[in-house]
Amino acid sequence: MHEGHIMQKLTNYLPWLKPVIKLVKGENPTEQIKIILAKVGTPLLGLVIFLIIWAGAASAIDTSLGKFPGPGEVRTQFLNLLDESKAEKEKEIAFYERQQKRNEAKLAKDPNAKVKIRPYTGNPTFFDQIGTSLVTVLSGFILASLIAIPIGIIIGLSPGLYAAFNPIIQLFKPVSPLAWLPLVTMVVSAVYVTKDPMFSKSYLTSMITVLLCCLWPTMINTAVGVASISKDLINVSKVLRLSWLTNIYKIVIPSSLPMMFTGLRLSLGIAWMVLIAAEMLAQNPGLGKFVWDEFQNGSSNSLGRIMVAVLVIGAIGFLLDRGMLTLQRVLSWDKTADIR
């Protein structure tokens, strides 16, 4: 009974698992195989067709650095980046091991000697830069959400505030990150002055730029969701004489969650695109800087490496969106969100 309940909840959040589970149980295998092929086979066929077109088009395009990279070249460069990452990690391990041995020898001679562990200063690998970009984008997105959701709820509850804030939102919503970035860079440089910084200025610059650009979709959709709450629910809240905070927690937030998550999905997608542009323009660590460095490098491998980064950026963006959809199914009463 308990296991069945768990499986039911799992298939509610991940509906594509239903035919797989039914097939394992032996329920109408022919029908389940057809469903699985429709859900998995068709996307795979589309992917194969895309790879064939890509390979054919790449072989026909000549650039100053050689042929445009096809799937084979991209695979080769991805493996090269993987090997380089492993080699860099081995260097880092060896660097700390040498320090450890020197410190042990020093302490053996003088137990009171002061020893230090110097940080490894090697070049960040491709995968290190992926991690840097993810930390930055999630930081900016989470902070933007913590600002946008409360403001969206407040202005959604008041038609007057909604009318007052809407022009401001519409004014700043279309502003490009390329416009925000110089302003943010100057403000961070002027305000964030400390001898022992907790965060690097490059991280703060990218994170704040992401925040400013992805703030608005969540704020707008939250406000619209709150403003469109059923009058019956509002009347129930009044009849029960719920306090303002209880009304927000019990009525407003659950009722507006679908629209709120729509805004969060849009904001997260914008945040990821904005971050890559900001890193590229400001030369801040991350995938954007990796792309720009390879472009400036101009070696015969550069195009293939840039294409690897493009595919990784797209794949991460897709996974972030799927993750947000899954979270919506878990937290929201609306289980009809498309997660195929």
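The values are calculated or read from the model by the stated rules, or taken from the named source; none is laboratory data. All of these numbers come straight from a predicted model, not from anything done at the bench. Please note: Cβ atoms are built from the backbone with ideal geometry, for glycine as well, and neighbour counts cover all protein chains shown.
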Legend entry - Single match in Leu181, Leu215 (criterion: surrounded by 21 or more Cβ atoms within 10 Å (Cβ to Cβ), in contact (Cβ under 8 Å) with a residue 12 or more places away in the chain and over 21 Å from Pro285 (Cβ atoms)): Leu215
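For (1) over 18 Å from Glu294 (Cβ atoms); (2) among the acidic types (Asp, Glu); (3) assigned by TED's automatic domain parsing to the domain that holds Glu294, each residue gets a yes or a no:
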| position | (1), (2), (3) |
| --- | --- |
| Val74 | no, no, no |
| Asp83 | no, yes, no |
| Ile93 | yes, no, no |
| Gln100 | yes, no, no |
Inset, instruction - Could you list all residues from the range 130-172 that are among the aromatic types (Phe, Trp, Tyr) and crowded, with 18+ Cβ neighbours inside 10 Å? - result: Phe141, Tyr162, Phe165
Legend entry - Pairs with Cβ under 8 Å, 6+ apart, first in the range 129-141 and of a type in the set (A, V, I, L, M), second assigned to a helix (DSSP H, G or I) and surrounded by fewer than 18 Cβ atoms within 10 Å (Cβ to Cβ): Ile130/Ile316; Leu134/Ile316
Legend entry - From the options Gly263, Gly304, residue that is of a type outside the set (A, V, I, L, M), part of a helix (DSSP H, G or I) and either under 19 Å from the mean Cα position of the chain (by Cα) or outside the structural domain of Val184 (by TED's automatic domain parsing) (or both): Gly263
Inset, instruction - May I ask you to list the residues in the range 266-289 that are outside any helix (DSSP H, G or I) and among the polar types (S, T, N, Q)? - result: Gln283, Asn284
Inset, instruction - Can you tell me which residue among Val184, Val137, Val115, Val175 is in contact with a helix residue (DSSP H, G or I) (Cβ under 9 Å, 6 or more places away or on another chain), more than 20 Å from Ala271 (Cα to Cα) and among the β-branched types (Val, Ile, Thr)? - result: Val115
Legend entry - Subset of the range 228-252 [within 18 Å of Ile155 (Cβ to Cβ) and surrounded by 17 or more Cβ atoms within 10 Å (Cβ to Cβ)]: Ile229, Asn247, Ile248, Ile251, Val252
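So for the range 70-84 (the condition being in contact with a strand residue (DSSP E or B) (Cβ under 9 Å, 6 or more places away or on another chain) and surrounded by 12 or more Cβ atoms within 10 Å (Cβ to Cβ)), does at least one residue qualify? First the steps, then the outcome.
Initially, the range 70-84 is screened for residues in contact with a strand residue (DSSP E or B) (Cβ under 9 Å, 6 or more places away or on another chain), giving 73.
Filter again for surrounded by 12 or more Cβ atoms within 10 Å (Cβ to Cβ), leaving 73.
Looking through the range 70-84, at least one residue is in contact with a strand residue (DSSP E or B) (Cβ under 9 Å, 6 or more places away or on another chain) and surrounded by 12 or more Cβ atoms within 10 Å (Cβ to Cβ).
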Inset, instruction - Kindly provide the set of residues from the range 290-301 that are part of a helix (DSSP H, G or I) and surrounded by fewer than 19 Cβ atoms within 10 Å (Cβ to Cβ), ordered by number. - result: Trp292, Asp293, Phe295, Gln296, Asn297
Inset, instruction - Report, by residue number, each residue of the range 150-160 that is at pLDDT below 90 and not small (Gly, Ala, Ser). - result: Leu157, Pro159
Legend entry - helices (runs of 4 or more DSSP H) wholly inside the range 1-92 that include at least 2 residues being under 28 Å from Val310 (Cβ atoms), modelled with pLDDT under 85 and of a type outside the set (A, V, I, L, M): 42-59
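Hey, among Ser228, Ser255, Ser267, which residue is among the polar types (S, T, N, Q) and touching a residue at least 40 places away in the same chain (Cβ under 8 Å)?
Details: Ser228 fails: touching a residue at least 40 places away in the same chain (Cβ under 8 Å); Ser255 fails: touching a residue at least 40 places away in the same chain (Cβ under 8 Å).
Selected residue: Ser267, the only one of Ser228, Ser255, Ser267 that is among the polar types (S, T, N, Q) and touching a residue at least 40 places away in the same chain (Cβ under 8 Å).
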Inset, instruction - List the number of the failed condition for Ala87; all other conditions in (1) loosely packed, with under 13 Cβ neighbours inside 10 Å; (2) within 30 Å of Met273 (Cβ to Cβ) hold. - result: (2)
